[in-house]
């Protein structure tokens, strides 16, 4: 990695795998993108376009056919120590209390003051119940709390607000804004274009496993006004 300002550099990445939901193999084709320190980058596209696949590929949770994934932190195991990750299909020991899950995540070096501060910001009332006893929306916020428990440098988030009500969603967006203000990086996928407008410096639009456009939020706002206008231009075949 030549640029010291980058956290992640993906070059000519190709993957192919067969999921339970897809009859035909699905893959990413010639992906090239970067994530800089203190930057928030959003990955956008219709259902099935490859957003979650992209996240899993850069975390090497699926097999890479070709290309290069470079993290500033070192190899993937060294990198995991610097990342906070929330996936859509995260699963925990549902019989464990959240406090126990956080202790496992931090290898029993939990900064309780840090957890309490972010628990309050994310509006999670208590951490003393078993994970399975929380609502789906509360579990999603707890997923994020566990992701940041080790005080990571970069957050990798896949549909982080998908199950949240409007007020809960806003509390997460506010949290992520503060995270970004602290010069930490975020890579996020989302269907909610309005939250990407609030957070992102740059967007990567994908379709059928291919990047079709990378553009800064500044350019979108100056040339198209709202993300939805640009999204329609890219994806609406009826025009």
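The values are calculated or read from the model by the stated rules, or taken from the named source; none is laboratory data. Since the model is a prediction, treat every value here as computed from it, not as a measurement. Neighbour counts run over all protein chains shown; Cβ positions are idealised from the backbone, glycine included.
Okay, residues lined up against (1) over 12 Å from the mean Cα position of the chain (by Cα); (2) touching a residue at least 40 places away in the same chain (Cβ under 8 Å); (3) over 24 Å from residue 220 (Cα atoms):
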residue: 119; (1), (2), (3): yes, no, yes
residue: 124; (1), (2), (3): yes, no, yes
residue: 132; (1), (2), (3): yes, no, yes
residue: 136; (1), (2), (3): yes, no, yes
residue: 158; (1), (2), (3): no, yes, no
residue: 166; (1), (2), (3): yes, no, yes
residue: 180; (1), (2), (3): yes, yes, no
residue: 202; (1), (2), (3): yes, yes, no
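With the condition kept exactly as written, say whether any residue in region 47-55 is within 23 Å of residue 220 (Cβ to Cβ), touching a strand residue (DSSP E or B) at 6+ places or on another chain (Cβ under 8 Å) and assigned to a loop (DSSP other than H, G, I, E, B).
yes
Can you pull out every residue in region 188-223 that is within 20 Å of residue 163 (Cβ to Cβ) and assigned to a strand (DSSP E or B)? Can you show your working first?
Taking region 188-223 as the starting set, the residues that turn out to be within 20 Å of residue 163 (Cβ to Cβ) are 188-196, 198-199.
If the condition is that a residue be within 20 Å of residue 163 (Cβ to Cβ) and assigned to a strand (DSSP E or B), then 188, 189 are the ones that fit.
Among the residues of region 67-77, write down those that are in a loop (DSSP other than H, G, I, E, B) and out of contact with any strand residue (DSSP E or B) (no Cβ under 9 Å at 6 or more places or on another chain).
If the condition is that a residue be in a loop (DSSP other than H, G, I, E, B) and out of contact with any strand residue (DSSP E or B) (no Cβ under 9 Å at 6 or more places or on another chain), then 75 is the only one that fits.
When you go through 155, 164, 87 one by one, which is the residue that is in contact with a helix residue (DSSP H, G or I) (Cβ under 6 Å, 6 or more places away or on another chain), under 28 Å from residue 42 (Cα atoms) and surrounded by 16 or more Cβ atoms within 10 Å (Cβ to Cβ)?
164
Is it true that residue 152 is over 18 Å from residue 120 (Cβ atoms) and free of Cβ contacts under 8 Å to residues at least 40 places away in the same chain?
Answer is no for this residue.
Which of the residues belonging to region 169-178 are in contact with a helix residue (DSSP H, G or I) (Cβ under 6 Å, 6 or more places away or on another chain) and touching a residue at least 40 places away in the same chain (Cβ under 8 Å)?
175, 176
Go through 232, 202 for me and flag whichever is farther than 20 Å from residue 116 by Cα and out of contact with any helix residue (DSSP H, G or I) (no Cβ under 8 Å at 6 or more places or on another chain).
Of the residues listed, the single one that is farther than 20 Å from residue 116 by Cα and out of contact with any helix residue (DSSP H, G or I) (no Cβ under 8 Å at 6 or more places or on another chain) is 232.
For region 36-57, indicate whether the set of residues that are out of contact with any helix residue (DSSP H, G or I) (no Cβ under 6 Å at 6 or more places or on another chain), surrounded by fewer than 15 Cβ atoms within 10 Å (Cβ to Cβ), modelled with pLDDT under 90 and over 27 Å from residue 228 (Cβ atoms) is non-empty.
no
Can you tell me which of (1) buried (at least 19 other Cβ atoms within 10 Å of the Cβ); (2) in a helix (DSSP H, G or I); (3) touching a strand residue (DSSP E or B) at 6+ places or on another chain (Cβ under 6 Å) is the one residue 179 doesn't meet?
With respect to (1) buried (at least 19 other Cβ atoms within 10 Å of the Cβ); (2) in a helix (DSSP H, G or I); (3) touching a strand residue (DSSP E or B) at 6+ places or on another chain (Cβ under 6 Å), residue 179 is out only on (3).
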